[in-house]
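The values are calculated or read from the model by the stated rules, or taken from the named source; none is laboratory data. Given the structure is predicted, the values throughout are model-derived calculations rather than measurements. Heads up, the Cβs are rebuilt from the backbone with ideal geometry, glycines too, and the neighbour counts pull from every protein chain shown.
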Amino acid sequence: MKESEHQIQSAILVAVSHHHCNIFRSNVGKVKTADGRWFDAGLPKGHPDLYGFKWSNGKVFYLEIKNAKGRPRPDQIRFHQMLAKHHIIHGIARSVDDALKIIDKELVGYGFKEANDEKSN
């Protein structure tokens with residue numbers, strides 16, 4: 001059975017927190033207020049699922065979690081392009097190994113090119 005994105009994300013949160021990093025889950029969503037208005041709680045559209053920083057040098061990283069078949073949405077691709085423009089560590093993590101590789105090697109945009117190449121095929 002394939003792991004869900006939630007299972008992958010949970011494993012990454014544990015592994016990265018034991019890897020000399022602080023890591024946080026991005027909580028987003030909409031809630032209806034008591035007077036019937038919608039309140040959009042959270043981050044900009046396309047913000048990656050997890051973010052944190054390395055204790056060794058303070059560098060920030062962002063991780064978009066996808067399962068084996070998951071592909072980034074257009075808003076996630078736009079966020080990736082902004083991060084890449086500023087040389088920020090980030091990428092698509094489909095496993096704990098991917099997440100640790102992105103962080104340790106300080107990769108910029110890991111997995112986004114592959115996702116775009118598959119989309120165009």
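Quick notes
- Members of the range 101-116 found to be out of contact with any helix residue (DSSP H, G or I) (no Cβ under 9 Å at 6 or more places or on another chain) and at pLDDT 95 or above, listed by number: Lys101, Ile102, Asp104, Lys105, Glu106
- Top-ranked residue of the range 8-39 - restricted to ones that are over 15 Å from the mean Cα position of the chain (by Cα) and of a type in the set (Phe, Trp, Tyr), ranked as farthest from Ser56 (Cα to Cα): Trp38
- Only a single criterion out of (1) within 15 Å of Gly111 (Cβ to Cβ); (2) among the β-branched types (Val, Ile, Thr); (3) out of contact with any Ser or Thr (no Cβ under 9 Å at 6 or more places or on another chain) is not satisfied by Ile8, namely (3).
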